[in-house]
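The values are calculated or read from the model by the stated rules, or taken from the named source; none is laboratory data. No experiment lies behind these values; they were computed from the predicted model shown. Neighbour counts run over all protein chains shown; Cβ positions are idealised from the backbone, glycine included. Just so you know, the surface numbers come from the protein's heavy atoms only, side chains and all, with ligands and any DNA or RNA stripped out. Shrake-Rupley method; radii C 1.70, N 1.55, O 1.52, S 1.80 Å.
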Amino acid sequence: MRQALRAANANSEIVVYPEAGHAFNADYRPSYHEESAKDGWQRMLTWFKQHGVS
């Protein structure tokens with residue numbers, strides 16, 4: 001995926017949270033990982049702000 005993004009000259013970023021498993025942002029599940037979820041949510045909001053989506 002990273003190679004494809006570079007090849008496409010895409011303004012994208014892949015962030016991996018090694019300590020968080022699948023569905024880490026679902027706060028109603030045992031897999032919820034607060035630190036990763038908060039960071040991911042903030043990154044998403046920043047991305048939307050940078051790309052003109054409010």
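Some observations on this one:
- Remark: the chain carries 89 Å² of accessible area per residue (probe radius 1.4 Å; ligands, DNA and RNA excluded).
- Between 0 and 90°, nearest 10: helix 34-50 axis offset from the chain longest Cα axis: 30 degrees
- Net charge, Gln42 excluded, C-beta distance under 14 Å - Lys, Arg +1, Asp, Glu -1: -1
- Positive-pole candidate from Ser31, Val15, His51, dipole of the chain, charges at beta carbon: His51
- Protection-proxy order for peptides 1-13, 35-47, each taking the mean of Cβ atoms within 10 Å per residue, highest first: 35-47, 1-13
- For the chain, the fraction of 1.4 Å probe accessible surface lying on carbon and sulfur atoms is 53 percent.
- Relative contact order for the chain, counting Cα pairs under 8 Å that sit 6 or more residues apart, in percent: 18 percent
- For the chain, size of Cβ-based charge dipole, Lys and Arg +1, Asp and Glu -1, in debye: 280 debye
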